[in-house]
Every structure is written in C-alpha cells, then in structure tokens.
1. Here are some conditions: (1) in contact (Cβ under 8 Å) with a residue 40 or more places away in the chain; (2) within 16 Å of the ligand (Cβ to nearest atom). D140 meets all but one. Which one does it not meet?
2. On the given criteria, is P69 free of Cβ contacts under 8 Å to residues at least 40 places away in the same chain, open to solvent by 20 Å² or more (accessible area, probe 1.4 Å) and under 27 Å from T167 (Cβ atoms)?
3. Give segment 145-170 a look and list any residue that's more than 16 Å from the ligand (Cβ to nearest atom), open to solvent by 10 Å² or more (accessible area, probe 1.4 Å) and among the small types (G, A, S), or say none.
4. Take segment 344-371 and flag every residue that is within 13 Å of the ligand (Cβ to nearest atom) and surrounded by fewer than 14 Cβ atoms within 10 Å (Cβ to Cβ).
5. Residues of segment 199-216 being under 11 Å from the mean Cα position of the chain (by Cα) and either open to solvent by 10 Å² or more (accessible area, probe 1.4 Å) or near the ligand (Cβ under 10 Å from one of its atoms) (or both), which ones?
Amino acid sequence: MKSDGGPRNYRKDTLLAHLGRHPEGQHGAVNPPVYHASTILSSNMAEWEKKRDPKTRFDVVRYGLLGTPTTFALEEALAAIEGGHRAMLMSSGLAAITAPLQACLKCGDHLLMVDSAYGPARSFCERVLTRCGVATTYYDPLIGDGIARLMRPNTKVVYLESPGSLTFEVQDVPAIAAAAHEAGAKVLMDNTWASPCLFPSFLRGVDVSIHAATKYIVGHSDVVLGAVITTEEMYLKVRTMAADLGHCAAPDDAYYALRGLRTLSVRLERHEKNALTVARWLQNRPEVSRVLYPALPEDPGHALWKRDFLGASGLFGVVLKPAPKAAVYAMIDALDLFGIGSSWGGFESLILPTNPERLRTATRWNAEGPTLRLHIGLEDPQDLIEDLEHGFHQLQVAMAA
Ligand SMILES: Cc1ncc(COP(=O)(O)O)c(C=O)c1O
C-alpha cells in the first residue's frame with residue numbers, strides 16, 4: 001500500500017497486512033525499523049521549539065518515552081483495525097487498564113466495575129483507587145440495561161470485560177453503554193479476548209478499548225505489552241495521563257507486536273476452529289459438567305456473542321463434575337501438550353485450575369465442580385483431544401484410589 005495518504009477502503013485482512021508500514025521511507029524494507037531511542041536530536045532551536053508545541057505533543061518524535069516511529073506504526077495499525085480514533089501503547093495489559101481508569105476518575109468519583117473482571121483490575125480498584133477516594137461498586141456481568149439502576153450522580157466510569165475473565169459471561173455492551181452515556185459516564189472495556197479483530201468496540205458504544213497485547217496481538221508468548229484505543233473525545237485525556245504516569249513501550253516489543261499483527265486474523269481463525277473442536281468434544285465427556293465458551297450454541301451468552309462479535313478466540317472455561325483437588329491436579333500433571341502457566345493468546349495450548357468464586361463480590365459463582373481455563377493453541381486439535389483423554393484417565397484413576 002503506497003504511503004500517499006490517499007483514502008483507502010480496504011477490508012480488515014488487507015489492513016492487517018499493510019498498515020503501519022512505509023517502505024518508501026525505509027529504503028524499501030518491508031517492515032519498519034526498530035528505533036532504539038531515548039534522546040532525539042533537533043537540528044536547531046527552531047525545530048526544538050516546534051517539537052514542543054503542546055498541540056502536537058503526541059504526534060512528533062521528540063523523546064523516546066513519548067514514542068518512536070516503531071511505536072507510532074503499531075499505534076496507527078491498531079487504531080485503524082478496531083475502528084478507533086488513535087491508539088497508545090503501555091508497558092503491559094495491566095497498565096492499559098489502570099492508566100485509563102486514572103485518566104477518567106478523580107477523588108469523589110464512583111466506578112461501576114464488572115464482577116467478572118480480570119483479577120488484578122479488581123485489586124487496582126481495591127488497593128489504589130480507594131486510596132485516591134474513588135468508590136467502586138461491582139455489578140453482575142449479565143445486568144444489561146439494569147445498570148441504569150446502579151448509576152449515581154458521581155458515576156464517571158462503567159468498566160466492562162466481555163466475555164468475563166475465567167467465567168466467560170457475554171455482556172450486553174450496547175445496552176450497558178447506552179445507559180452509561182445517558183447518565184454521563186464513560187465506557188471502558190477490556191477487549192483482550194476478542195482482540196481488535198473480533199469485537200468492533202466503537203460501533204458497540206465503547207469509549208476506551210483496552211488490550212493486553214501480550215495475548216493475541218503479539219501471539220507468541222514472548223512479550224508483555226498493553227494497548228489502549230480511544231474515541232477522538234477521550235484520546236488526549238487518556239494519552240496525557242499515560243504520559244504523566246511515565247508509561248511507555250519498549251521498541252523491540254512494539255516491533256514484535258507489529259509482526260504478530262500481520263497474522264492475527266489467520267491465527268484467530270485457527271484458534272477458533274481448534275477451540276470449537278476441543279470444546280465440543282469436552283461437552284460430551286462424562287467428567288465435564290459444562291463448557292463456558294460463547295461460540296457454542298448451548299452457551300447462555302451465544303445469542304449476544306453472535307449479535308455483537310465477529311468470531312471467537314481460543315480461550316474458554318470448563319466446569320468439571322465434582323472432583324477432589326488432588327484428582328484435578330493429577331489430570332493436569334498428566335498432560336503432555338497443555339502447559340501450566342499464566343497468560344494466553346500464544347500459539348500453544350495452556351491449562352490452569354481457576355477459582356472465580358474467590359474474586360466475586362456482587363454475584364455468586366455457583367459451579368457444580370472445579371473450574372478450569374483452557375487456551376487452545378495452534379496444535380492439531382486431535383492431538384489435544386488425545387492429550388486431554390489421557391488426562392481424564394488419570395483423573396478417574398485418582399478418583400478411584
Ligand atoms: C483479560 C486480561 N486483561 C488484561 C490482562 C493483563 O495483561 P498483562 O499480563 O499484559 O499485564 C490479562 C492477563 O492475563 C488478561 O487476561
């Protein structure tokens with residue numbers, strides 16, 4: 001795609017391959033170079049002064065902390081793919097959660113936080129926001145337009161994550177966003193599960209979309225990185241706070257994320273296909289009570305997912321029938337292909353036991369048995385199924401002992 005700035009109407013997959021690349025200015029190299037820079041020199045004082053113009057503060061390369069051509073390239077691509085105004089990078093997904101919250105909330109304000117939010121986001125509310133005089137109320141992820149009843153005159157933010165961390169409830173984002181806006185609050189959403197490809201946040205009423213780029217955007221389990229994409233109205237507010245807090249992203253990490261982006265939609269398609277194959281198989285296992293994956297027609301969130309999402313990623317939950325912890329651990333230990341580890345979104349499969357009931361305060365997590373979280377990678381799903389079959393055998397052996 002030529003860098004002439006002309007209007008383009010290309011579809012998402014074409015944009016994923018071409019955005020954030022300007023070979024003409026880089027000796028024809030297909031990918032942008034990685035700029036390792038803190039100091040950026042100006043050739044004279046007039047240029048120095050020009051770069052410090054507050055109106056263009058975040059648009060020029062003037063200090064490594066505020067961005068380099070490598071980070072700008074990734075930001076340009078991410079914003080266009082999700083349909084937002086601009087994007088900004090952070091050092092982690094967690095920083096991409098906390099900086100927008102800090103930008104939108106001040107002492108005396110009230111935050112409505114979904115009860116199924118990523119655990120450390122809750123900890124931030126409890127350990128940091130309370131000290132700043134911000135009150136948090138947790139709400140049922142399935143509340144829909146009922147959120148209107150929880151709005152207070154000082155409610156400034158409604159925070160969503162859909163599907164929910166660990167429990168995978170699908171939220172009615174347009175209904176919640178409409179009620180929030182009606183009451184004058186902004187809508188922040190952790191959109192990591194869907195990535196910028198599978199949930200068009202800004203068409204659904206979101207003001208600030210949050211991503212742990214660590215997961216699918218990077219996609220290779222080798223980088224920790226965050227990204228925030230906003231509407232035009234929210235951009236300077238969030239970007240200024242991020243700069244005031246000193247958030248930035250490492251140039252190599254931005255490069256890896258740009259490289260991951262090129263294959264994001266291809267990888268996601270395969271993650272979804274593999275995950276559906278494994279999830280359907282799990283549904284028929286005698287050890288499994290239910291599978292928490294909105295892409296399955298039996299999932300309570302399926303209709304909303306179908307209405308609002310453009311596809312599914314490869315992360316889902318499984319509720320087992322009652323089994324002692326030792327038997328579940330024996331099952332997990334017996335697996336060969338599923339790694340035991342935090343994070344997800346890479347090319348490889350992962351499994352972890354989870355305890356959603358320990359996090360909830362507004363709702364109760366009533367599960368029939370132990371809950372697991374599976375990330376289905378790009379392996380052959382038949383091999384994953386055979387691995388899980390072996391694991392279930394060990395579960396049964398442990399139960400019988
Ligand atoms: C839904 C969700 N959001 C945010 C994060 C935080 O990302 P990071 O590990 O890059 O801080 C995670 C990490 O697991 C996550 O699962």
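1. For D140, the exception is condition (2).
2. no
3. Step one: list which residues in segment 145-170 are more than 16 Å from the ligand (Cβ to nearest atom), which gives 145-158.
Within this subset, residues satisfying the condition of being open to solvent by 10 Å² or more (accessible area, probe 1.4 Å) are 145, 148-154, 156.
Correct list: A148 only.
4. Result: no residue meets the conditions.
5. I210, H211, A212, A213, T214, K215
Residue-by-condition table, conditions (1) away from the ligand (no atom under 14 Å from the Cβ); (2) farther than 23 Å from A295 by Cα; (3) in contact with a helix residue (DSSP H, G or I) (Cβ under 8 Å, 6 or more places away or on another chain):
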site: I176; (1), (2), (3): yes, no, yes
site: A183; (1), (2), (3): yes, yes, yes
site: K186; (1), (2), (3): yes, yes, yes
site: D190; (1), (2), (3): no, no, yes
site: S221; (1), (2), (3): no, yes, no
site: A227; (1), (2), (3): no, yes, yes
site: R239; (1), (2), (3): yes, yes, no
site: A249; (1), (2), (3): no, yes, yes
site: L268; (1), (2), (3): yes, no, yes
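Okay, residues lined up against (1) open to solvent by 50 Å² or more (accessible area, probe 1.4 Å); (2) not in a helix (DSSP H, G or I):
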site	(1), (2)
Y35	yes, yes
E49	yes, no
L65	yes, no
L78	no, no
G84	no, yes
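The values are calculated or read from the model by the stated rules, or taken from the named source; none is laboratory data. For clarity, every value in this text was computed on a predicted model and none was experimentally measured. Virtual Cβ from ideal backbone geometry, glycine too; neighbours counted across all protein chains shown. Accessible surface is based on the protein model in full, side chains and every heavy atom, while ligands, DNA and RNA are left aside. Shrake-Rupley method; radii C 1.70, N 1.55, O 1.52, S 1.80 Å.
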